[in-house]
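The values are calculated or read from the model by the stated rules, or taken from the named source; none is laboratory data. All of these numbers come straight from a predicted model, not from anything done at the bench. Counting neighbours? That spans all protein chains shown, and the Cβs are built from the backbone with ideal geometry, glycine included. Just the protein is used for accessible areas: all its heavy atoms, side chains included, with ligands, DNA and RNA removed. Shrake-Rupley method; radii C 1.70, N 1.55, O 1.52, S 1.80 Å.
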Amino acid sequence: MKKTILVIAMTCAVVTAQAQKPAIPRDAALEAKVEKTLAKLTLDEKIGQMLELNLDIMGRYDATGKWQLNETMLDTLISKWKVGSILNAPGTRASSVEQWQKWIRLIQEKSMKYLGIPDIYGLDHNHGVTYTQGGTLFPQPINIGASFNTELARTGAEITAYESRAANCPWVYNPVVDLSRDPRWPRVYESFGEDAIVNSKMVVAEIKGYQGDDPNHIDRFHVGTSTKHYFAYGAPWTGKDRTPAYLSPQIIREKYFEPFRQAALAGTLTMMVNSASINGVPVHASYEYLTKWLKEDLQWDGFLVTDWADINNLFSREKVAKDKKDAIRIAINAGIDMSMDPYSVDFCVLLKELVNEGKVKMSRIDDAVRRILRAKYRLGLFDEPNTGGKGFEKFGCDEFAAKALQAAEESEVLLKNDGILPLAKGKKILLTGPNANQMRCLHGGWSYTWQGSRAEDLAEKYNTIYEALCNKYGQDNIILEQGVTYKENGQYFEENEPQIQKAVDAAAKADVIIAAIGENSYTETPGNLNDLWLSENQRNLVKALAKTGKPIILVLNEGRPRLIADIEPLAKAVVDILIPGNYGGNALANLLAGDANFSAKMPYTYPREINSLNTYDYKVSEEVGTMAGAYNYDAKVSLQWPFGYGISYTTYEYSNLKVDKSSFTADDILTVSVDVKNTGSRAGKEAVLLYSSDLIASIVPDNKRLRDFTKVELQPGEVKTVTFRLPAKSLAFVGADGRWTLEEGDFILKVGNQTVPTACSQTSFFEQ
Ligand code: BGC
């Protein structure tokens, strides 16, 4: 037990803040070039660098339906308005590599001719090259979170960087580390899940993959990242996209900020800002969050880009500015460096007026432009504004496909298996459900188009679940009767008139039923949700099929955990494939057949009830059972599956959990080791998760917190000792006074079913 507060006060140590140096040492020669270029620029040129426009406004569709870039318009935008950045794909639909090379080359030619400064072109290449046809699409980030494999994250990012540069695009709007702690939010699948450490480790791995090891010198095969959406975007009070968050200062600092802090320290070139507000302050208007936390406290020297039209939104949605000019004043003074103002050049006029009126200081403009120029120099764009062609022959190759398949196999989660899996060959399978034969739901939003819809033609060569099962089990053995289907031209949740009886009839000829259910693709506001339960039609389908008595395997293919408590008991096995990408069908077939082993674990808590939307790190008081006596108060966490849960075709035994220090202080590193044995008969990979519990603390402690993880491969019978090096400071929390606090008292470390005690002997406060 902890000692009294008095004793804590007597024994505490304050580690004074040291003046922060930039985490990535600056390159003096590069900085000199930045200064030289900056010194030559007029105010108009500087402001132009701070504007990002949407490519769409520079062209139109011709009579054949092909989008054509209007060169004269482009010329004006660059020569007159001096625009420094352009983004997006026309009609938010993927174009060919050759087309991208041409468009961006033209933009670069004009930028170099009129400005002597290259453009920084940005695309939402989120889980692979979303907007470039024929490239590699990986599983969505939520699957990478479920894989608990940081190497996979890095490799996927490396390939996406290479393929982006093949298309002449140097900048991607990724990684996404909005903690997915609210299952209602439509962008749950775009980050690595609900936990800060998973997101932190993944973001660092991806930044290395995208940018390479030296953020000062990013070579022609790597790209700049825009870690987004800074920050707490995934915590809307309403569950709806781009709506306000109300969060305690502790959770903001300890959890939501942490992956962004790690991204800054890893040298992410840029960050994109959260469109919504936190505790009444729109993030785009927050000097504290943008300038103080990132640029001053961390000395992060990258640039901040707004999200879509978000300066305008300060007056049109958030109502903290009286007009657009006022909104620009607020946002630029808060620390925004580049305005993604997709459809207008007003920004240039209004910002110039603000500078001339003294409402935005020239030093702020110089700071913003310096950051933008630094990113362009770091990307090597001044020396080589264009990439692609020779050296990029591996675009869309089999080697990349194999990595995407591996990522899919390592990220589909086995949640229940009464022994029916692996599914032997030779059985007749009824494949049913709306997700059974569509690529769209396998690859999700941000795939060929913004919503992932209307692009089946671009994903034709990949296998749906149906096609993959036919290849694996033989077409004659698969009966496809979907029972429920989506309205492909409707909204993501719209379904056609169900034909459940047809599926029930077809079940008579089958030995086993695979029901592929879940959601169609979406992102952002079009993905908003009114009811977390899985659609009634789909649940009715499963209920009707259960009455046939044939065994059911549920395959969940969804961007967020939809409630299924009434149908889960009807299934013999459940696999949550999340959104596994173009190779997700093949991966599923390999896993169901036992040709590959499951190794993923849930990246978020899967709720069972609509009023129990917990995360794994809930407070102890949320799960205390029922009290005895007349007043039988209770508090119970009701989960379908916990965070970190996932089984496989083998079993693992944990033993010998040890920590090298029974007592520690803030500067110590704890060495924690545990033996993990594969006790089954199949090889497998096990994600090993290290948790801690702070037993008593001066503010209510979480019941447990993930502190580190790794993944090991084990042959049958093999034992490996897994060792974690855990800085004692990582056991600290943010106290009521906002300070990082490592408090004297007892901790428990947990791995698998093992626990070991340790204790902090001296309270300390520190900054990080
Ligand atoms: C999204 C961002 C995206 C941007 C550019 C916004 O609507 O919120 O995630 O990067 O558009 O396409």
(request) Sequence neighbours fewer than 8 away in the same chain don't count; with that in mind, list the aspartates and glutamates whose C-alpha is under 12 Å from K295. (result) D337, D367
(request) Mind ranking 444-456, 578-590 by how tightly packed they are, going by the mean number of other C-beta atoms within 10 angstrom, highest first? (result) 578-590, 444-456
(request) Roll a 1.4 Å probe over the protein chains and send me the accessible area per residue for the chain in Å². (result) 36
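Among 416-429, 502-515, how do they line up by average Cβ neighbours within 10 Å per residue, starting with the highest? Walk me through the intermediate numbers first.
Numbers: 416-429: 15.2, 502-515: 20.0.
Taking the mean over residues of other Cβ atoms within 10 Å, the ranking is 502-515, 416-429.
Can you give the FRET efficiency to the nearest 0.05 for Q762 and D398, using r as the Cβ-Cβ distance and R₀ = 41 Å? Display every interim value, and only then the final one.
On the way: r = 57 Å, r/R0 = 1.38.
E(calc), rounded to 0.05, equals 0.15.
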(message) Going Cα to Cα from K292, which lysines come in below 16 Å? Please leave out same-chain ones fewer than 8 positions away.
(response) K21
(request) Between beta-carbons, use under 10 Å as the cut-off and find the net charge around F260, counting Lys and Arg +1, Asp and Glu -1. (result) 0
(message) What FRET efficiency comes out for F382 versus L43 if R0 is 35 angstrom and r is the Cβ-Cβ distance? Round to the nearest 0.05.
(response) 0.95
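On a 27 Å Cα-Cα criterion, which of the cross-link pairs K110/K325; K33/K82; K661/K685; K427/K720 come out too long?
Numbers: K110/K325 29 Å; K33/K82 20 Å; K661/K685 29 Å; K427/K720 38 Å.
With Cα atoms farther than 27 Å apart: K110/K325; K661/K685; K427/K720.
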(request) Provide the solvent-accessible area of Y633, counting protein heavy atoms only and rolling a 1.4 Å probe, rounded to the nearest 10 Å². (result) 140
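Kindly rank 401-409, 257-265, 347-355 from highest to lowest mean number of other beta carbons found within 10 Å of each residue.
On the way: 401-409: 21.9, 257-265: 23.4, 347-355: 20.0.
So the order, starting with the most tightly packed, is 257-265, 401-409, 347-355.
With each run of n ≥ 4 DSSP H residues scored as -39500 (n - 2.57), what mean residue ellipticity at 222 nm is computed for the chain after dividing by its residue count and rounding to the nearest 500 deg cm²/dmol? Before the final figure, lay out each step's value.
Working: 19 runs with 203 residues, N = 768.
The helix-only estimate for the chain comes to -8000 deg cm²/dmol at 222 nm.
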(message) Using alpha carbons only, how many angstrom separate the centre of the range 173-232 from the centre of the range 146-167?
(response) 11
(message) Whole angstrom only: what separates the Cα centroid of the range 475-522 from the Cα centroid of the range 331-385?
(response) 51
(message) For K322, give me every one of the aspartates and glutamates with a C-alpha distance below 15 angstrom, ignoring sequence neighbours fewer than eight places off in its own chain.
(response) D310
(request) Return the long-range amide H neighbours of I479 (sequence gap of 5 or more, or a different chain), with a cut-off of under 5 Å between placed amide H atoms. (result) I429, L430, L431
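Determine the dipole magnitude for the range 132-256: charges of +1 sit on the beta-carbon of Lys and Arg, -1 on that of Asp and Glu, nothing else is charged, the reference point is the Cα centre, and the result goes in debye to the nearest 20. Intermediate values should be presented prior to the final figure.
Working: 13 positive and 14 negative charges, 73 e Å.
Dipole size: approximately 360 debye.
Note the full-extension length gain between N279 and E98 as 0.36 nm times their separation in residues minus their Cα-Cα distance, in nm to one decimal.
Numbers: separation 181, 0.36 × 181 = 65.16 nm, distance 4.61 nm.
Value of the extension gain: 60.5 nm.
For S663 and E494 in the same chain, what is the full-extension length gain: residue separation times 0.36 nm, less their Cα-Cα distance, in nm?
That pair, S663 and E494, stretches by 55.1 nm at full extension.
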(message) Checking the table K403/K711; K40/K80; K324/K376; K208/K601 against a 19 Å threshold on Cα-Cα, which pairs fail?
(response) K324/K376; K208/K601
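Is the C-alpha gyration tensor of the chain telling us rounded, prolate or oblate? Criteria: a/c under 1.5 is rounded; beyond that, a/b larger than b/c is prolate, otherwise oblate.
Working: a/c = 1.74, a/b = 1.16, b/c = 1.50.
Note, shape of the chain comes out oblate.
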(message) Between the range 591-663 and the range 280-328, what is the separation of their alpha carbon centroids in Å?
(response) 38
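Please state the charge dipole magnitude for the chain, taken about the Cα centre, from unit charges on C-beta atoms (+1 on K and R, -1 on D and E), reported in debye and rounded to the nearest 20.
400
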(request) Just read off the accessible area of S79 with the full protein assembly in place, 1.4 Å probe, to the nearest 10 Å². (result) 40
(request) Figure the gain on full extension for D457 and K619 (residue separation times 0.36 nm, minus the Cα-Cα span) and round it to one decimal in nm. (result) 53.5 nm
(request) Whenever you get a sec, compute what percent of the accessible area on the chain sits on carbon and sulfur atoms (1.4 Å probe). (result) 51
(request) Compute the distance in nm between two label points, each set 7 Å from the Cα along the Cα-to-Cβ direction, one at K319 and one at D476. (result) 6.9
